[in-house]
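What follows is a single structure, written as structure tokens, with notes after it.
Just so it is clear, none of the values below were taken in a lab; they were calculated from the coordinates. Since the structure is predicted, the reported quantities are computational estimates derived from the model, not experimental observations. So basically every Cβ, Gly included, is an ideal-geometry build from the backbone, and we count neighbours across all protein chains shown.
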Amino acid sequence: MSFMHIIFIGGLWDNSTGIVKNYQKGFAKIYPNHTSEYFQWHQKKELKERLKHLTKKSIVIGHSYGGTTATQVLKDREVELLITVDPVGRVWSRGKPKAKRWININATPLKNDFSDYIALLGGKWGKAMESRVDEYYAVECNHGGFFWMMDGVLGEYL
């Protein structure tokens, strides 16, 4: 496989939980031949600037509010793959983001926990995205289960 640059975008609570940030750190150790970096959901300006200067094929992965951010920053720059992981946001960016392939993963817990209630309050996209994306997966886990939702998704791209 060719070398990829992966951008991870954490959600509103990622500053406290470190869910996506910790995943990115582990990813960097497991896949040293690929480059990766982490942004917070509110760093739209920085993300747009970074995307302008990337020369490698890129993957953008956004969790929660980070998923909404990903769709918003990919209006001007195409990437190989966009993965939105249980995205939330009351204002969904209309129009399809520029990505050769868009995968959306929806958390469908058997029993809600605190993270699921936060996602619902934040405006969880849920099943509404199924017809708008190239691939849609419903994963039996809670909103905070980023590691489980990502399990196996990147394989064919790395």
At a 10 angstrom cut-off on C-beta neighbours, averaged per residue, how do the peptides 73-82, 134-143, 58-67 rank from highest to lowest? 58-67, 73-82, 134-143
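Label segment 102-158 by shape, choosing from rounded, prolate and oblate, from the square roots a ≥ b ≥ c of the eigenvalues of the Cα gyration tensor; if a/c is under 1.5 it is rounded, and otherwise prolate applies when a/b is larger than b/c, oblate when it is not.
Oblate, because a/c is 1.5 or more while a/b does not exceed b/c.
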Mind checking segment 96-158 for trypsin sites (Lys or Arg not before Pro) that DSSP puts in a loop (not H, G, I, E or B) and that have at most 16 other Cβ atoms within 10 Å? 98, 111, 132
Can you list the equivalent-ellipsoid semi-axes of the chain, largest first and in whole Å, using the square root of 5 times each Cα gyration tensor eigenvalue? 22, 17, 15
Given the Cα-Cα distance of residue 49 and residue 148 and 0.36 nm per residue of separation, how much length would full extension add, in nm? 32.6 nm
